[in-house]
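Accompanying notes for the structure given below.
Bear in mind these aren't lab numbers, they're just calculated from the coordinates by the rules spelled out. Keep in mind it's a predicted model, so treat the numbers as computed, not measured. Methodologically, a virtual Cβ is constructed for each residue, glycine included, from the backbone with ideal geometry; neighbour enumeration extends over all protein chains shown.
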Protein chains: 2
Amino acid sequence: MEPNPALSNNATLEEQSLRDGLQNEARLFSLDEKLELVGLLVEAGVKRLQIGSFVDPRRVPQMGQTEELARLVHAAWPDLVCSGLVLNAQGLDRAVGCGMRHLSLSVSVSDGHSRSNAGCSAQEALDRMVVLVRRAVGLGIGVRAGVQCAFGCASAGEVDEKTVLAAVQRLAAAGAGEINLADTAGMAHPLRVRELVARVRETVPEAVLSLHLHDTRGLGLANLFAGYEAGIRLFDVAAGGLGGCPFVQGAAGNVATEDTVHLFDRMGVVTGIDLHGLVKVVRRYEQLLGRELPGRMRRVLSFGEA
Amino acid sequence: MEPNPALSNNATLEEQSLRDGLQNEARLFSLDEKLELVGLLVEAGVKRLQIGSFVDPRRVPQMGQTEELARLVHAAWPDLVCSGLVLNAQGLDRAVGCGMRHLSLSVSVSDGHSRSNAGCSAQEALDRMVVLVRRAVGLGIGVRAGVQCAFGCASAGEVDEKTVLAAVQRLAAAGAGEINLADTAGMAHPLRVRELVARVRETVPEAVLSLHLHDTRGLGLANLFAGYEAGIRLFDVAAGGLGGCPFVQGAAGNVATEDTVHLFDRMGVVTGIDLHGLVKVVRRYEQLLGRELPGRMRRVLSFGEA
């Protein structure tokens with residue numbers, strides 16, 4: 001069993017820039033560029049990383065080299081917790097085939113979001129996902145079950161709390177050791193984070209809980225702070241604040257890794273990640289993408305330089 | 001005596017875009033443009049507004065028409081709490097001369113920041129400011145005393161808490177009914193906001209406390225949330241997230257009015273300000289400045305429009 005991060009004051013960050021960050025970018029990153037970025041992230045102290053998703057590369061060409069990347073990353077950094085996103089049975093087959101030992105199996109609890117993203121109702125998607133979670137757990141894979149739109153959906157509005165809790169219960173019962181509540185549309189606010197985390201913990205007291213927050217409405221760090229105070233010790237972040245979901249109205253990026261590390265540094269919470277190392281990662285992303293990213297600390301720490 | 005906003009769950013926002021927002025912009029706004037913006041802000045429900053500062057217009061030409069603007073705004077919107085920023089005796093003379101009934105008298109507790117901004121040590125600046133507060137209070141003016149760099153200074157680093165509390169005590173004893181803690185350099189974090197607000201309240205239990213937060217390091221809304229939970233009911237904000245201090249490293253803008261209203265709307269806290277009305281203000285600022293502003297809710301609410 002994995003150690004329960006909630007028993008420590010320290011926080012663990014799972015880096016999402018290579019998956020949630022790059023999946024919506026027009027630019028296709030080469031395998032070498034992705035490997036270079038993983039290297040810079042590891043050098044900065046990142047210990048958990050989502051390297052990509054096992055989705056149809058014809059639909060999402062940015063995620064086309066996930067198997068090959070997985071093999072190279074496993075070989076180069078054997079101690080890194082290297083995860084990948086799986087949304088369906090074909091994806092799970094591919095992930096198993098390339099030796100993934102950690103996976104994020106993710107499903108939306110918003111019917112509208114599920115229909116546009118997964119092509120079926122939220123109920124159908126959950127039924128299928130429960131089967132996949134059981135299969136992955138049976139293969140000895142460490143499974144995070146992700147609940148997309150746990151805080152509501154921009155187009156379909158509020159999601160009933162009972163729906164979220166029922167999904168969480170089924171996913172944990174299927175063997176997922178970690179439940180990831182995803183604010184896919186950036187709809188959460190701090191009071192709601194506190195409330196939902198408490199209800200989910202009552203529902204699945206044995207599961208490790210984690211949060212995946214988007215900064216769409218500027219509340220990413222406020223929600224992360226509320227989550228930390230509610231006992232969450234595991235957060236998804238992306239260097240530079242990269243990312244966003246193409247199906248969600250006005251979506252901005254993930255909470256920026258460097259801004260999160262700065263917040264935790266100020267609070268005396270250890271993440272093991274070095275802010276200056278992250279700035280190198282953000283600069284490399286900015287160079288490759290040819291634009292400034294929304295995260296703040298790269299700019300603050302670069303101020304006054306040539 | 002003004003009603004104590006801390007006795008309500010509702011929050012009051014003081015709009016800073018015309019002062020802290022415009023003072024660093026290269027573009028000079030005409031009197032007509034400023035009046036139009038005040039009109040749009042009032043229409044959106046803004047009830048407190050800083051219209052400008054009484055500083056040397058040769059040094060800050062953006063603030064050149066403050067007297068004339070004050071007269072026109074007082075005449076057009078007699079119920080608006082219309083305030084202005086005063087940093088020295090000449091400024092107070094000018095503010096009194098144009099009939100200001102509310103003033104922000106502001107002083108830095110960081111020695112380095114005080115020397116670059118006010119040209120004297122923090123101790124000298126405080127001594128002079130205490131005299132001005134007494135004078136303004138004696139004239140029947142509602143006085144907010146602002147404490148710049150209350151959460152530290154980017155160049156000079158930490159500011160000793162004792163220095164902050166001593167300044168607060170002297171300013172309140174001089175008659176300031178409101179103490180405004182300003183995070184001029186965006187150095188605050190939520191735990192520190194909670195801590196300092198508690199200490200300041202113990203020190204000056206009769207004063208109304210307010211917060212002036214900058215989003216330099218992305219923590220503006222997280223700090224505002226922590227301040228609200230610590231009992232603060234009065235916050236400075238600027239439409240679009242305009243603003244920043246030219247003497248502070250990497251400074252970004254004030255907390256965006258529209259993002260704050262969205263947060264409070266979601267929390268069920270009444271501000272009396274309409275989000276869609278604010279979007280009109282932000283659009284007008286963006287049109288006049290020819291660039292997008294950092295606040296998020298204008299973009300979220302404009303998504304999908306032509």
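Please get the size of the charge dipole for the range B:42-197, origin at its Cα centre, with Cβ charges of +1 on Lys and Arg and -1 on Asp and Glu, quoted in debye to the nearest 20. Walk me through the numbers before you get to the answer.
Working: 16 positive and 15 negative charges, 54 e Å.
Using Cβ point charges on Lys, Arg, Asp and Glu, the range B:42-197 gives about 260 debye.
Could you please report the charge total around B:VAL107, scoring K, R as +1 and D, E as -1 over all other residues with beta-carbon less than 13 angstrom from its beta-carbon?
Details: positive: B:ARG115, B:ARG128, B:ARG144, B:ARG170; negative: B:ASP111, B:GLU124, B:ASP127.
Computed value for this residue: +1.
If you count the DSSP beta bridges with both ends in the range B:7-302, what percent of them are antiparallel, to the nearest 5?
Details: 2 of 37 bridges.
The antiparallel proportion sits near 5 percent.
Please report A:VAL130, A:VAL96 as a ranked list, fewest other C-beta atoms within 10 angstrom at the top and most at the bottom. The partial results should precede the final answer.
Working: A:VAL130 20, A:VAL96 16.
Ranked by crowding around the Cβ, least crowded first: A:VAL96, A:VAL130.
What is the antiparallel percent of DSSP beta bridges lying wholly in the protein assembly as shown, to the nearest 5? Mind dumping the intermediate values first?
On the way: 4 of 74 bridges.
So the antiparallel bridges in the protein assembly as shown amount to around 5 percent.
Residues with beta-carbon under 14 Å from that of B:MET267, excluding B:MET267: net charge, scoring Lys, Arg +1 and Asp, Glu -1? If you can, show how the numbers build up before the last one.
On the way: positive: A:ARG192, A:ARG194, A:ARG217, B:ARG233, B:ARG266; negative: A:GLU195, B:GLU229, B:ASP259, B:ASP265.
With Lys, Arg at +1 and Asp, Glu at -1, the net is +1.
For every other residue with a beta carbon closer than 9 angstrom to the beta carbon of B:GLY253, add +1 if it is Lys or Arg and -1 if Asp or Glu, then tell me the sum.
Numbers: positive: none; negative: B:ASP20, B:ASP215.
Neighbourhood net charge equals -2.
222 nm [θ] for chain B, helices only, -39500 (n - 2.57) per DSSP H run of 4+, per residue, to 500? Mind dumping the intermediate values first?
Values: 11 runs with 128 residues, N = 306.
After summing the helix terms and dividing by the residues of chain B, the value is -13000 deg cm²/dmol.
Considering the dipole of chain B built from charges on the beta carbon (Lys and Arg +1, Asp and Glu -1) around the Cα centre, which of B:VAL131, B:VAL107, B:GLN50 is farthest to its positive end?
Highest projection toward the positive end goes to B:VAL131.
Take B:PHE303, A:PHE54 and order them by how many other Cβ atoms sit within 10 Å, fewest up front.
Details: B:PHE303 13, A:PHE54 25.
Fewest to most other Cβ atoms nearby, the residues stand as B:PHE303, A:PHE54.
Whole-Hz Karplus ³J(HN,Hα) for the range A:36-41, in order, using 6.51 cos²θ - 1.76 cosθ + 1.60 and θ = phi - 60°, x for Gly and Pro?
Listing the rounded values in order: 4, 5, 4, x, 5, 5 Hz.
Can you list the copy-to-copy distances for A:CYS120, using a point 7 angstrom from Cα toward Cβ, in nanometres, shortest first?
Ordered by distance, the counterparts are at 7.5 nm.
Grab the residue from chain B whose Cβ hugs the B-to-A rotation axis most tightly, plus its distance in whole angstrom.
Looking at chain B's Cβ atoms against the axis toward A, the nearest is B:ALA222, 2.
Based on the Cβ-Cβ distance of B:ASP127 and A:ARG194, what FRET efficiency does E = 1/(1 + (r/R0)^6) give at R0 = 51 Å, to the nearest 0.05?
Values: r = 44 Å, r/R0 = 0.87.
Working from the Cβ atoms, E equals 0.70.
Toward the positive end of the charge dipole of the range B:7-302, about the Cα centre and with charges on Cβ (Lys, Arg +1; Asp, Glu -1), which of B:ALA154, B:PRO61, B:ALA256 goes farthest?
Of the options given, the answer is B:PRO61.
Please report, in debye to the nearest 20, how large the charge dipole of the protein assembly as shown is about its Cα centre when each Lys and Arg carries +1 at its beta carbon and each Asp and Glu carries -1 there. Could the numbers behind the result be given before it?
On the way: 62 positive and 70 negative charges, 13 e Å.
Using only the charged Cβ atoms, the result is roughly 60 debye.
Under 30 Å Cα to Cα from B:LYS280, which lysines show up? Leave out anything in the same chain fewer than 8 places away.
B:LYS34, B:LYS47
How would the range A:8-302 be classified by its alpha-carbon gyration tensor: rounded, prolate or oblate, with rounded meaning a/c under 1.5 and the a/b versus b/c comparison settling the rest?
Numbers: a/c = 1.40, a/b = 1.15, b/c = 1.22.
Since a/c stays below 1.5, the shape of the range A:8-302 is classed as rounded.
Would you mind ranking B:HIS276, A:HIS212, A:HIS102 by Cβ crowding within 10 Å, fewest neighbours first? Show your work: numbers first, answer last.
Values: B:HIS276 10, A:HIS212 27, A:HIS102 21.
If I rank by nearby Cβ atoms, fewest first, I get B:HIS276, A:HIS102, A:HIS212.
Work out the FRET efficiency for A:GLU292 and B:SER302 from their Cβ-Cβ distance, taking R0 = 25 Å, and round it to the nearest 0.05. Could the numbers behind the result be given before it?
Working: r = 21 Å, r/R0 = 0.83.
Efficiency for this residue pair is about 0.75.
Specify which residue in the list B:ALA118, B:ILE179, B:VAL200 is farthest towards the positive end of the charge dipole of the range B:7-302, using unit charges on the beta carbon of Lys, Arg (+1) and Asp, Glu (-1), about the Cα centre.
Of B:ALA118, B:ILE179, B:VAL200, it is B:ALA118.
With θ set to phi - 60° and the Karplus curve 6.51 cos²θ - 1.76 cosθ + 1.60, what are the ³J(HN,Hα) couplings of the range B:10-21 in order, to the nearest whole Hz, using x for Gly and Pro?
Values per residue, Gly and Pro as x: 6, 10, 10, 10, 9, 6, 10, 4, 6, 10, 5, x Hz.
So the label point sits 7 Å from Cα along the Cα-to-Cβ vector; using that for B:GLN90, what distances do you get to the other copies, in nanometres, sorted shortest first?
Computed spacing set for this position: 7.4 nm.
Calculate one ³J(HN,Hα) per residue across the range B:253-262 by plugging θ = phi - 60° into the Karplus curve 6.51 cos²θ - 1.76 cosθ + 1.60, and present them in order as whole Hz with x for glycine and proline.
x, 5, 4, 6, 4, 5, 6, 5, 4, 4
Between copies, how close do the A:GLY140 label points come, placed 7 Å along Cα→Cβ, listed in nm from shortest?
Listed shortest first, these distances are 8.5 nm.
Report, in debye and to the nearest 20, how large the dipole of the range A:8-302 comes out about its Cα centre when Lys and Arg carry +1 and Asp and Glu carry -1 on their Cβ. Kindly include the intermediate steps, with their values, before the conclusion.
On the way: 31 positive and 33 negative charges, 23 e Å.
Rounded to the nearest 20 debye, it is 100 debye.
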